[in-house]
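Taking it in order: structure first as structure tokens, then the write-up.
The values are calculated or read from the model by the stated rules, or taken from the named source; none is laboratory data. Note that this is a predicted model, so its numbers are computed, not measured. Ideal geometry is used to build each Cβ from the backbone, glycine not excepted, and the neighbour counts take in all protein chains shown.
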Amino acid sequence: MNRADLVSQRLQNQRLSAPEFPKPVDVVRWFGAVQSQDFEAAKWALALRMRSATNAAIEEDFNRGTILRTHVMRPTWHFVAREDIRWLLDLTAARVNLRCGSGYRMFELDDAVFKRSRKVFERALKDGKHLSRAELRRRLNESGVEANDSVRMGHILIRAELDRVVCSGPRVGKQFTYALFDERVPTTKSMDRDEALAKLTRLYFRSHGPATLQDFVWWSGLSTADAKRSLELAARSLEKMTMEEKVYWSIGSGKSEARSAHLLPVYDEYFVAYKDRESVFGSQDGKSTWNSLGPAIVINGVAAGTWKRTKDKKSIEVKFARDLKKTERAAIAQAMTRHTEFLAV
């Protein structure tokens, strides 16, 4: 495998070169989880993988609860399909809690505080109520749980998500709400740990491959030992390949021959799902590529510039890292049109 093969296969497996999904939840199911730290950007990330999509339609799916937004795998928000949230949290919540431990200790959050908070949330949200963070903060303060510090409040909510007490509710205007987990999420068949490890591995490498073990460790938040175990459990499904003395794994090795350009949002899975991002951004001379996580203009799988909407939201500003061919400019114009249609502006 060479670098061109790697990029081509990722474009195909990420469903950027051939958007095929009819519904937003289909995209999320394909990936297993989609980072949604930036909610507006994450909706565009889903739309890029769909045959046709509007911002309003994806918002509607989210409000119905077909897609949920919670902390899972790494200490950040992800979109997950409603039917996948239980087994994903069973598998990864302990690791996320471990990584949040220093924050819990800094704000003197212990089991007693979390227990009291849980009771407050259960009383406040029962019978299908959906409340904003501000309203839940008020309820906590009234109960004697100090929640005025926004970071402390955030840690209380993260723990409630990881403990399957709350999850995302529908938005009210631009405000996010929370709902009781068990009222919003139907009961599903439980998995043993090995079954869950194997499933997560297959989901990652079918949608992100070719990728390395280190990429998978980064994306999943699993320990290296668990990730190696996962590869063993899913070995029959995986295809092994090498490039520049590195070992990559994938499920399916289709290539994209289409010439394409995309306006990828910040934290898109095409960037954030890999520890090594050199194939997209090129050599950074030893510097971190975190500042390159988007929004980025990607031409044929490689970053070629940056983009952003203007303050009035009526146009798009672009900056290119190199001179473009006429065909590339035409492809970018099509990508801009698609984004405008998505926003319905």
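Return the residues of the range 93-112 that are part of a helix (DSSP H, G or I), surrounded by 15 or more Cβ atoms within 10 Å (Cβ to Cβ) and not charged (D, E, K, R); say none if nothing qualifies.
We begin by selecting, within the range 93-112, every residue part of a helix (DSSP H, G or I); these are 93-99, 101-106, 111-112.
Subsequent filtering for residues that are surrounded by 15 or more Cβ atoms within 10 Å (Cβ to Cβ) retains 93, 95-97, 103-104.
Matches in the range 93-112: ALA93, VAL96, ASN97, GLY103, TYR104.
Select from the range 18-31 the residues that are crowded, with 23+ Cβ neighbours inside 10 Å, under 21 Å from PRO210 (Cβ atoms) and out of contact with any Lys or Arg (no Cβ under 8 Å at 6 or more places or on another chain) and list them in ascending order.
PHE31, the sole residue that qualifies.
Residue check, VAL247 against (1) of a type outside the set (D, E, K, R); (2) assigned to a strand (DSSP E or B); (3) at pLDDT below 95, all met but one. Which one?
Checking VAL247 against (1) of a type outside the set (D, E, K, R); (2) assigned to a strand (DSSP E or B); (3) at pLDDT below 95, the one that fails is (3).
Tell me, please, whether a residue that is out of contact with any strand residue (DSSP E or B) (no Cβ under 8 Å at 6 or more places or on another chain), hydroxyl-bearing (Ser, Thr, Tyr) and either in contact (Cβ under 8 Å) with a residue 60 or more places away in the chain or surrounded by fewer than 21 Cβ atoms within 10 Å (Cβ to Cβ) (or both) can be found in the range 209-218.
No, the conditions are met nowhere in the range 209-218.
The rows are residues; the columns are (1) within 30 Å of GLU232 (Cα to Cα); (2) free of Cβ contacts under 8 Å to residues at least 12 places away in the same chain.
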{"residue": "ARG138", "(1), (2)": "no, yes"}
{"residue": "GLY144", "(1), (2)": "no, no"}
{"residue": "ASP149", "(1), (2)": "no, no"}
{"residue": "ARG171", "(1), (2)": "no, no"}
{"residue": "LYS174", "(1), (2)": "no, yes"}
{"residue": "VAL185", "(1), (2)": "no, no"}
{"residue": "MET191", "(1), (2)": "yes, no"}
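Give LYS174, LYS119 a once-over and let me know the one that is more than 21 Å from the chain's Cα centre (by Cα) and among the charged types (D, E, K, R). Write out each step before concluding.
Details: LYS174 fails: more than 21 Å from the chain's Cα centre (by Cα).
The match here is LYS119.
So ARG159 passes all but one of these: (1) surrounded by 18 or more Cβ atoms within 10 Å (Cβ to Cβ); (2) of a type in the set (Lys, Arg); (3) not in a helix (DSSP H, G or I). Which condition number does it fail?
Failing condition for ARG159: (3).
Per-residue answers, yes or no, for (1) of a type in the set (D, E, K, R); (2) crowded, with 18+ Cβ neighbours inside 10 Å; (3) without any contact (Cβ under 8 Å) to a residue 60 or more places away in the chain; (4) not in a helix (DSSP H, G or I):
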site	(1), (2), (3), (4)
GLN9	no, yes, no, no
ARG15	yes, yes, no, yes
ALA42	no, yes, no, no
PHE62	no, yes, no, no
ARG69	yes, yes, no, yes
MET73	no, yes, no, yes
VAL80	no, yes, yes, yes
GLU83	yes, no, no, no
PHE114	no, yes, yes, no
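Determine whether SER279 is within 22 Å of the chain's Cα centre (by Cα), at pLDDT below 95, outside any strand (DSSP E or B) and surrounded by 13 or more Cβ atoms within 10 Å (Cβ to Cβ). Before the answer, list the steps.
Values: within 22 Å of the chain's Cα centre (by Cα): yes; at pLDDT below 95: yes; outside any strand (DSSP E or B): yes; surrounded by 13 or more Cβ atoms within 10 Å (Cβ to Cβ): yes.
Judged against the criteria, SER279 is a match.
Among the candidates SER150, SER190, single out the residue that is farther than 30 Å from VAL7 by Cβ, outside the structural domain of SER102 (by TED's automatic domain parsing), among the polar types (S, T, N, Q) and loosely packed, with under 15 Cβ neighbours inside 10 Å. Reasoning before the result, please.
Numbers: SER150 fails: outside the structural domain of SER102 (by TED's automatic domain parsing).
So the residue among SER150, SER190 that is farther than 30 Å from VAL7 by Cβ, outside the structural domain of SER102 (by TED's automatic domain parsing), among the polar types (S, T, N, Q) and loosely packed, with under 15 Cβ neighbours inside 10 Å is SER190.
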